[in-house]
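Scroll down for the structure; my scribbles are underneath it.
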2 protein chains.
Amino acid sequence: MRALWLEGRALRLRDDLPTPVPQPGEALVRVRIAGICNTDLELVRGYYPYAGVPGHEFVGTVEQASGAPEWIGRRVAGEINAACGACPPCHAGHRSHCEKRTVLGIVARDGAFASHLRLPIVNLHAVPEALSDDVAVFTEPTAAALELQQQVRVAAGDHVVVIGAGKLGHLVAQTLAMTGCRLLVVGRSPRPLALLAARGIATATADGIEPRQADLAVECTGHPDGLELARRAVRPRGTIVLKSTYHGKPEVDLARFVVDEITLVGSRCGPFPPALALLASGRVDPRALVEARYPLANALTAFDHAARPGAMKVLVDC
Amino acid sequence: MRALWLEGRALRLRDDLPTPVPQPGEALVRVRIAGICNTDLELVRGYYPYAGVPGHEFVGTVEQASGAPEWIGRRVAGEINAACGACPPCHAGHRSHCEKRTVLGIVARDGAFASHLRLPIVNLHAVPEALSDDVAVFTEPTAAALELQQQVRVAAGDHVVVIGAGKLGHLVAQTLAMTGCRLLVVGRSPRPLALLAARGIATATADGIEPRQADLAVECTGHPDGLELARRAVRPRGTIVLKSTYHGKPEVDLARFVVDEITLVGSRCGPFPPALALLASGRVDPRALVEARYPLANALTAFDHAARPGAMKVLVDC
């Protein structure tokens, strides 16, 4: 099959890869569209060691489903953590923290920039008819945005600041706006801020942060500067959610976390069913985030495009 | 009056200081005993800028009480944050986070290594008759230990690891042991670990940490190594409480906090009434922690003693 292939930091298109063979309990999915995420760009930059097909945001059609023929032909999104089901985190219901997990396009499992991928059937979620592929491909990042509300209670009237108006920051902002919180999104580039303003979401540059006022700050940049802005925004006893991964080990002013009794919460993958429901209802609408689309044959160009500073979502038709 | 005086990093005994004059709403307290805390040692090392009388753990007797004569003659412990009562944190009930606070012996308010100190009357708590001075002087650090249970729910059976078996770690361990959690205290020196073992609390050196098993890890060392041990101990989705202040800006592996969805909670001053009740009932018993006591005239020697590696609590009779 055709797929993007990452090895070292070299990304190349290959036509010589075998189509994946689903294991017991797995499905073979023909990928329809895959989205480029910052994590993909970081993999290419070598921040995590990974060799294989990248890509974890996708919508596809099931072609084979071992022991579950009712899935065949269904359009699906898929949770990216393939869990063992037997370790302590799996038993505790935290399958995304499985000790033996593989992760689609990230850890020991070929991903979505390919004609086909394989995933456990238990990871699949049927995409409602009304949901276009271009929207359904945002299920995974929308679920990730929703994860923080599984971890931290956000109430109407809470003062919330989102740091970063990129792809993830935008989805985080849309999902937070539904809570009735007082929301401010802080970003650098005018264009993504304008997209948010068009949805009625307040925006500002870093200068617009009122120091020590926010109940909650959500860091969506993955840069130490963003964490510092979040710390500046949050009130004593407030909460900072880290929604982006970081490379290296940033210096952190831990004394301030103690003196101000700040809570810092790391946040990763989230729940697919509410993400699909919100996308289907239109209450979360990612369409304005799509900046470009390329066929899989031009996926290298797609990655170059996605790596431009300030680029929003780039899709790959697989 | 006689007092210890810190200026730059120079600590000296002075006999030429005026006795404090209580402001409206304040009491004048004759200090009976004061305890040396790691924060005091850090002030002397210059980690925070402070000029004045250090000391914030004390038991004393009220000599003057502006407008509240019923306090005169009472033995008291005192909360260390003097709040304005008018700013947003004060209005939210978080007086210890007052934007304009002074802090006894730490921020712009002369402290307890003196014959007298002044504090707002609202900060005072009467010490029950049955409680000896030597125990009552532990009210402030016991309250600080209890603070984490105001912030994080600890349930019977939870797997909890305390990093550090020093003065604070010991009190944290005693207060956590009451919850019925499965408790392990990790330390270096045999003597403090033996004190804990004598109370039936399980202890280990760092090698004894089972990786990624603890629901909660409490960092009581104030060293980046301690935070790294806490991170190693805690399970995915677990919680780390920072109970010690840090100097400098340690490097923190934030990516792991995101991937493992760890929550980090800074924790500082705590509630006095339950601390006094637990000390009065004997359920928390700090007596074994007292390593030495000195008169105020020998307070410089007391500080040298307290700064020895592995030293436990040193008291100063004021």
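The values are calculated or read from the model by the stated rules, or taken from the named source; none is laboratory data. All values derive from a computational prediction rather than experimental measurement. All Cβ positions, even for glycine, are placed from backbone atoms using ideal geometry, and neighbour counts span all protein chains on display. With ligands, DNA and RNA removed, areas are computed over all heavy atoms of the protein, side chains included. Shrake-Rupley method; radii C 1.70, N 1.55, O 1.52, S 1.80 Å.
Find the relative contact order for segment B:31-157 and round it to a whole percent, using C-alpha pairs within less than 8 Å whose residues are 6+ positions apart.
Details: 210 pairs, mean separation 37.2, N = 127.
The value is 29 percent.
Using Cα pairs under 8 angstrom and six or more residues apart, how large is the relative contact order of chain B, in percent?
Details: 728 pairs, mean separation 57.2, N = 318.
Here the relative contact order equals 18 percent.
Amide H neighbours of A:L28 under 5 Å, at least 5 residues apart or on other chains, H built in the peptide plane: list them.
Under 5 Å from the amide H of A:L28: A:E63, A:Q64, A:A65, A:S66.
Taking H as built 1.01 Å from N, whose amide H comes closer than 5 Å to the amide H of B:A83, not counting residues under 5 places away?
none
Which cross-chain or sequence-distant (5 or more) residues have an amide H under 5 Å from the amide H of B:E57, H modelled 1.01 Å from N in plane?
Under 5 Å from the amide H of B:E57 lie the amide H atoms of B:G35, each far enough along the sequence or on another chain.
Could you work out how far helix B:272-281 tilts from the main Cα principal axis of chain B, as a 0 to 90 degree angle to the nearest 10?
80
Give me the Kirkwood hydrodynamic radius of chain B, using the inverse of the mean 1/r over all pairs of distinct Cα atoms, in Å to one decimal. Walk me through the intermediate numbers first.
Working: mean 1/r = 0.0499 Å⁻¹.
Hydrodynamic radius (Kirkwood, Cα pairs) of chain B is 20.0 Å.
Just flag the trypsin sites (Lys or Arg not before Pro) in segment B:223-311 sitting in loop per DSSP whose Cβ has no more than 13 other Cβ atoms within 10 Å.
On the way: sites: B:R231, B:R232, B:R237, B:K243, B:R256, B:R268, B:R283, B:R287, B:R293; in loops: B:K243, B:R268, B:R283.
Of the trypsin sites (Lys or Arg not before Pro), the ones in loops of segment B:223-311 whose Cβ has at most 13 other Cβ atoms within 10 Å are B:R283.
Quick one: of the DSSP bridges fully inside the protein assembly as shown, what percent are antiparallel, nearest 5?
Details: 66 of 118 bridges.
In the protein assembly as shown, approximately 55 percent of DSSP beta bridges are antiparallel ones.
Name the trypsin sites (Lys or Arg not before Pro) in segment B:1-61 that are in a loop by DSSP and that have at most 14 other C-beta atoms within 10 Å, would you?
Details: sites: B:R2, B:R9, B:R12, B:R14, B:R30, B:R32, B:R45; in loops: B:R2, B:R9, B:R45.
Counting only loop positions with at most 14 other Cβ atoms within 10 Å, the trypsin sites (Lys or Arg not before Pro) in segment B:1-61 are B:R9, B:R45.
Can you give the accessible area buried between chains A and B, summed over both chains, with a 1.4 Å probe, in Å² to the nearest 100?
Working: alone 13990 and 13980 Å², together 24640 Å².
Summing both sides, the interface buries roughly 3300 Å².
Please work out the C-alpha center-to-center distance from segment B:192-207 to segment B:77-139 and express it in whole Å.
Here the two parts' Cα centres lie 32 Å apart.
Sorted from shortest, what are the nm distances separating the label point of A:A92 from equivalent points in the other copies, each placed 7 Å from Cα along Cα to C-beta?
2.8
Below 8 Å between Cα atoms, with a sequence gap of 6+, how large is the relative contact order for segment B:35-87 in percent?
On the way: 40 pairs, mean separation 14.3, N = 53.
After rounding, I find 27 percent.
Averaging over all projection directions, find the projected area of the Cα convex hull of the protein assembly as shown and quote it in nm² with one decimal place.
It is 29.5 nm².
Any lysines with Cα under 16 Å of the B:K249 Cα? List them, leaving off those in the same chain fewer than 8 positions away.
Cross-link targets: A:K249.
Given 20 °C and 1.002 mPa s, how large is the Stokes-Einstein diffusion coefficient of segment B:1-104 in µm²/s, with Rh as the Kirkwood radius over Cα pairs? Can you show the working numbers first?
Numbers: Rh = 15.3 Å.
Answer from the Stokes-Einstein relation: 141 µm²/s.
Sort the following peptides by mean Cβ neighbour count (other Cβ atoms within 10 Å, averaged over residues), highest first: A:84-95, A:159-170, A:206-217, B:130-141. Walk me through the intermediate numbers first.
Numbers: A:84-95: 14.6, A:159-170: 26.7, A:206-217: 17.7, B:130-141: 21.8.
Going by the mean number of other Cβ atoms within 10 Å, highest first, we get A:159-170, B:130-141, A:206-217, A:84-95.
Would you mind checking the tilt of helix A:224-233 against the longest principal axis of the Cα atoms of chain A, expressed as 0 to 90 degrees and rounded to 10?
Helix A:224-233 and the main axis of chain A meet at about 40 degrees.
So in chain B, what percent of DSSP beta bridges are antiparallel if you round to the nearest 5? Intermediate results must be reported in sequence, preceding the final value.
On the way: 31 of 57 bridges.
Approximately 55 percent, going by the DSSP bridge assignments.
Would you please calculate the Kirkwood hydrodynamic radius of segment B:47-97 over all C-alpha pairs and express it in Å, rounded to one decimal?
Numbers: mean 1/r = 0.0739 Å⁻¹.
It works out to 13.5 Å.
Tell me whether segment B:176-318 comes out rounded, prolate or oblate; compute the Cα gyration tensor, take square roots of the eigenvalues as a ≥ b ≥ c, and use a/c under 1.5 as the rounded threshold. Working shown, then result.
Working: a/c = 1.87, a/b = 1.55, b/c = 1.21.
Here segment B:176-318 falls in the prolate category.
For A:A130, place a label point 7 Å from Cα along the Cα-to-Cβ direction in every copy; what are the distances to the other copies, in nm, shortest first?
Output for A:A130: 6.7 nm, nearest copy listed first.
Say a label goes 7 Å from Cα toward Cβ at B:P295 in every copy; what distances in nm does this one have to the rest, shortest first?
9.5
Using only Cα atoms, locate the centre of segment A:262-305 and the centre of segment B:1-24, then give the distance between them in Å, rounded to an integer.
61
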